[in-house]
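Single-structure report; data block below.
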Amino acid sequence: MALSASDVGAMYSLLANSMSVDHRLRGPAEEALAQSESRPGFCSCLLELVTAKHLASQADVRMMATVYFKNSVNRYWRHRRDSSGISNEEKMHLRQKLLMHLREENDQIALMLAVLISKIARIDYPKEWPDIFLVLSQQLQSADVLTSHRIFLILFRTLKELSTKRLTSDQRNFAEISSHFFDYSWRLWQSDVQNILLGFSSLSQNYNLNAEDQHHELYITCERWLLCSKIVRQLIISGFQSDSKCFQEVRPVKEVSPVLLSAIQSFLPYYSSFQKQHPKFWDFVKRACTKLMKILVAFQGRHPYSFGDKFVLSSVMDFCLNRITEPEPYVLLFEQFLIQCMVMIKNILECKEYKPSLTGRVMDENGVTLELMKKNISSAVGGVLTSLLPNERIVHLCKVLITRYFVLQASDLEEWYRNPESFHHEQDMVQWTEKLRPCAEALYIVLFENNSQLLGPVVVSLLQETMNNCPTSVTEITPALLLKDAAYGAAAYVYYELSNYLSFKDWFNGALSLELSTEHPNLRVIHRKVALILGQWVSEIKDDTKRPVYCALMRLLQGKDLSVRLAACRSLCLHIEDANFSEKEFVDLLPICWDSCFKLFEEVREFDSKVQVLNLISILIGHVSEVIPFANKLVQFFQKVWEESSGESLLQIQLLVALRNFVVALGYQSPICYNILLPILENGIDINSPDELNLLEDSMLLWEATLSQAPSMVPQLLQYFSRLVEIMERNFDHLQVAVNIIEDYIILGGNDFLSMHATNIAKILDLVVGNVNEKGLLSVLPVVDILIQCFPMEVPPFISSTLQKLIVICLSGGDDRDPSKTSVKASSAAILARLLVMNTNSLAQLASDPSTSLLLQTASIPIQENILLCLVDIWVDKVDNVSSIQKKTIGLALSIILTLRLPQVLDKLDQILSVCTSVILGRNDDLTEEESSGDMSSSTAPDEGTIPSKEFRKRQIKFSDRINQLSLEDSVRENLQTLCIHLHSHN
């Protein structure tokens with residue numbers, strides 16, 4: 001039943017009750033609203049409440065109405081099969097009503113209404129709502145300041161929504177909007193900026209005016225102008241194809257960019273003058289200058305060639321460079337603006353469109369290629385950049401970045417002392433566009449990369465100068481010490497280029513090692529930077545310096561300041577993971593290193609710190625051979641971490657990784673950690689565990705490692721296999737790991753495993769085969785093969801359903817042009833050949849089973865003859881697509897076919913003998929390295945008292961494979977004789 005105007009009062013009561021703190025009122029109201037959502041007229045009732053003038057003061061109820069309205073639009077505006085949705089008549093009414101209620105005084109409701117209109121426009125424009133932009137632009141002609149602000153808010157939200165549509169037709173529509181709407185929006189923007197600057201001029205000359213009360217209209221104009229700026233940006237960014245793709249000039253970029261820059265220059269002086277007198281307008285100036293710079297950055301990124309015009313690029317870049325190198329005092333305090341200036345310079349310096357093109361194409365004299373056009377534009381822009389950045393200016397910029405922006409400020413030191421962990425992570429992990437120092441560092445790195453030969457000697461000279469001005473004996477935090485810290489940072493960030501100008505060995509012995517000789521608390525500043533350098537320069541540390549560097553990092557790891565110790569922790573990770581890590585030089589430091597890691601983990605409090613320390617422990621376990629002597633300590637540590645990390649799944653993931661490395665490092669001695677390992681593993685592979693979503697993947701990898709390293713099967717591990725069925729029943733996300741786990745169970749568990757879990761194996765294989773793609777099948781088929789190889793008599797009855805599916809795969813077509821399907825069919829055929837060789841009766845029964853014929857019939861596969869004879873054709877066809885051992889298996893299967901007393905065998909005799917002969921002749925040449933090494937090592941049993949590894953067990957299984965023990969030549973000879981006897985007696 002439809003809702004009507006008479007239901008508006010009841011709707012108001014429901015909305016009011018849905019916000020009640022009394023659950024007795026709230027519950028029924030929410031349920032009633034949920035039931036009403038799909039009823040015709042629901043949205044109309046909500047809109048009546050939102051627009052009702054007598055409810056203007058009931059902002060909370062109106063706001064709730066807009067929320068329900070928006071949710072209903074998302075769910076029911078498009079026609080759905082399971083719901084009648086909103087009728088076309090109601091949609092028309094809602095669209096008209098929304099555009100009539102533009103002067104909404106509540107900011108939050110106005111924003112929600114703008115979002116609502118944009119969501120509807122995304123669906124209905126242009127077919128159902130072609131006049132939305134015309135209506136809005138007409139309303140602007142006679143609107144007051146507030147109404148015009150709301151219209152701009154709607155325009156911005158709608159254009160932003162439409163710009164995200166990716167279909168070609170939608171992009172054409174947006175381009176058309178841009179062509180019609182850009183000039184109008186740009187004129188409004190220019191008009192508003194003039195009015196704002198006039199208003200600011202009046203404000204600055206009359207300090208007694210109360211801006212909050214008497215200049216409210218000016219402030220609304222400012223906000224409207226900001227929205228207009230965003231609209232202009234959206235029209236230029238999304239309304240034109242990138243000029244780097246189409247090589248067509250985007251005129252608005254060249255027209256708008258200089259004006260935006262001029263506006264920034266006009267607004268900037270008010271940053272200092274408004275701060276105390278007019279804080280509301282000061283906040284606007286901050287947002288306006290930052291936003292305009294971001295728009296310029298966006299223009300450069302989207303339309304680099306149009307932005308590369310000498311009048312645009314030169315003025316913007318010159319302005320940004322001057323703000324960075326010679327800023328006015330108030331600009332230095334305006335960090336967000338400086339960040340955008342640095343982002344602009346960095347983007348220009350690394351813009352690939354501005355670099356010389358290395359590609360070309362030979363063409364006739366009159367032809368002009370896109371590559372040539374690009375080369376010409378790049379050359380022109382390159383000339384502008386060269387004129388803007390002569391060597392002197394590059395050197396000056398480099399020095400300014402280091403000596404002004406790299407230097408720690410008093411606020412940084414205060415934060416460090418207050419919370420060293422937080423300081424470390426902020427310096428280490430913060431996005432480079434969020435803070436001034438990381439942004440300066442990112443710009444410096446790009447500048448150095450582009451000019452390494454020029455700047456290498458400059459940085460080394462600056463480094464030497466700062467070290468001379470602040471000897472290692474200085475313990476006070478002076479400007480000279482902070483400058484040295486900045487220079488150390490500069491040397492750390494560009495180690496790969498600077499190593500051509502600076503010998504690490506001399507630097508370490510002459511300065512860095514001496515910096516660590518003093519334990520004064522103030523020197524934590526330098527110690528942290530030394531720790532950073534030792535990690536960054538790892539590739540330049542030669543053998544004769546490795547030992548002292550390792551010792552230095554261990555001293556830093558044992559220090560008192562958490563920030564320094566965490567920096568040392570990260571650098572140690574880099575050294576241990578380095579390809580040239582010297583375990584010989586590190587091995588005697590291991591006891592100290594383990595204890596220092598355990599102690600640091602106990603002392604840190606922040607999550608990121610714990611993860612960082614645990615990562616070092618995991619890397620240590622994975623890269624050093626001396627783990628077993630410390631096994632007891634590590635087991636105790638892991639036990640404690642697991643108990644304390646309840647609910648912190650990301651930390652537990654890191655712990656699972658460390659445990660996996662630990663199990664691999666222990667090898668066949670891994671059972672010494674089973675007391676802690678198995679309960680953790682059991683929790684991780686439980687799909688009903690609260691943290692299953694986060695922990696399952698790493699838990700399965702740990703499960704695989706545990707089985708792979710186990711000397712023997714223990715009852716707990718044997719019982720866990722049923723969990724794999726539950727995991728696979730849900731999805732196949734972890735199929736490859738599951739396959740490895742099944743293989744491990746077969747190899748390690750043998751008959752005990754089969755007797756306990758035969759049904760579970762059958763269930764998993766039946767789930768997978770036929771329900772995954774070719775890649776998934778190729779991963780699981782080896783498991784079927786090894787099962788038949790190890791248990792030829794026991795397994796086939798259990799997995800008959802899977803084997804029937806393999807017959808269907810073999811006899812289906814469609815693999816002629818698909819290599820992956822060919823591989824699947826060939827592997828399936830080889831498995832069935834193995835079954836015929838090792839359990840002939842089983843395949844014969846399967847082929848004659850009526851359910852097999854029914855399955856083939858369901859798959860629309862016509863069978864004209866005996867299924868075994870059909871398989872003969874597949875074996876003959878696919879013998880060249882399999883491995884050497886599989887070729888022999890197929891040859892043996894074909895030789896057995898000769899014994900079938902069927903007249904059709906004679907028809908296929910030539911093909912069968914041809915395949916068998918080629919396999920016999922090619923067998924010696926075709927042996928793979930794997931098979932060869934398996935045969936060679938098969939005679940070499942493990943030493944007495946040692947436990948055979950998984951790989952040895954696998955080789956033993958391969959060597960004991962009956963296929964290897966049978967002679968194809970003898971089999972063919974004997975079966976041919978049998979065939980001849982049968983034919984002779986028949987005749």
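The values are calculated or read from the model by the stated rules, or taken from the named source; none is laboratory data. Keep in mind it's a predicted model, so treat the numbers as computed, not measured. Positions of Cβ are generated from backbone atoms using ideal geometry, with glycine treated the same way; all protein chains shown enter the neighbour counts. Quick note on the areas: whole protein, heavy atoms, side chains included, nothing else; ligands and nucleic acids left out. Shrake-Rupley method; radii C 1.70, N 1.55, O 1.52, S 1.80 Å.
Points worth noting:
- Residues in the stretch 125-163 that are of a type outside the set (Gly, Ala, Ser), outside any helix (DSSP H, G or I) and at pLDDT below 90: Asp144 alone.
- The criterion of at least 1 residues that are under 39 Å from the mean Cα position of the chain (by Cα), closer than 20 Å to Glu176 by Cβ and modelled with pLDDT of 90 or more is met, among helices (runs of 4 or more DSSP H) falling completely within the stretch 206-271, by 216-238, 251-267.
- No other residue among Asp485, Asp506 is in a helix (DSSP H, G or I) and out of contact with any helix residue (DSSP H, G or I) (no Cβ under 8 Å at 6 or more places or on another chain) apart from Asp506.
- For the residues Tyr444, Tyr417, the requirement of being without any contact (Cβ under 8 Å) to a residue 40 or more places away in the chain, under 19 Å from Asp485 (Cβ atoms) and hydroxyl-bearing (Ser, Thr, Tyr) singles out Tyr417.
- Subset of the stretch 3-26 (residues that are in a loop (DSSP other than H, G, I, E, B) and either open to solvent by 60 Å² or more (accessible area, probe 1.4 Å) or free of Cβ contacts under 8 Å to residues at least 24 places away in the same chain (or both)): Met19, Ser20, Val21, Asp22
- Where helices (runs of 4 or more DSSP H) sit wholly within the stretch 287-359, those with at least 3 residues that are surrounded by fewer than 23 Cβ atoms within 10 Å (Cβ to Cβ) occupy 310-325, 329-332, 335-349.
- Taking residues in the stretch 450-478 that are open to solvent by less than 40 Å² (accessible area, probe 1.4 Å), and partners anywhere that are not in a helix (DSSP H, G or I), the pairs with Cβ atoms closer than 6 Å and at least 6 places apart or on different chains are Gly456/Tyr501; Val460/Tyr501; Val460/Leu502; Thr475/His520.
- Residue in the stretch 689-698 that is without any contact (Cβ under 8 Å) to a residue 12 or more places away in the chain and touching a Gly at 6+ places or on another chain (Cβ under 9 Å) present: yes
- Scanning the stretch 689-708 for residues that are among the polar types (S, T, N, Q), surrounded by fewer than 23 Cβ atoms within 10 Å (Cβ to Cβ) and assigned to a helix (DSSP H, G or I) turns up Asn694, Ser708.
- Test result for Leu47, on the phi < 0 side of the Ramachandran plot and touching a Lys or Arg at 6+ places or on another chain (Cβ under 7 Å): yes
- Per the conditions (1) in contact with a helix residue (DSSP H, G or I) (Cβ under 6 Å, 6 or more places away or on another chain); (2) within 28 Å of Ser618 (Cα to Cα); (3) at pLDDT 95 or above, the sole criterion not satisfied by Glu540 is (3).
- Annotation: of all residues in the stretch 27-56 being modelled with pLDDT under 90 and of a type in the set (D, E, K, R), the one that is surrounded by the fewest Cβ atoms within 10 Å (Cβ to Cβ) is Lys53.
- Consider the stretch 753-812 and keep the residues that are assigned to a helix (DSSP H, G or I) and charged (D, E, K, R). The one that is surrounded by the most Cβ atoms within 10 Å (Cβ to Cβ) is Lys805.
- Screening the stretch 27-79 for residues that are acidic (Asp, Glu) and in a helix (DSSP H, G or I) and picking the one that is farthest from the chain's Cα centre (by Cα) gives Glu48.
- Single residue of Ser712, Ser646 found to be under 28 Å from Phe598 (Cα atoms), open to solvent by 10 Å² or more (accessible area, probe 1.4 Å) and assigned to a loop (DSSP other than H, G, I, E, B): Ser646
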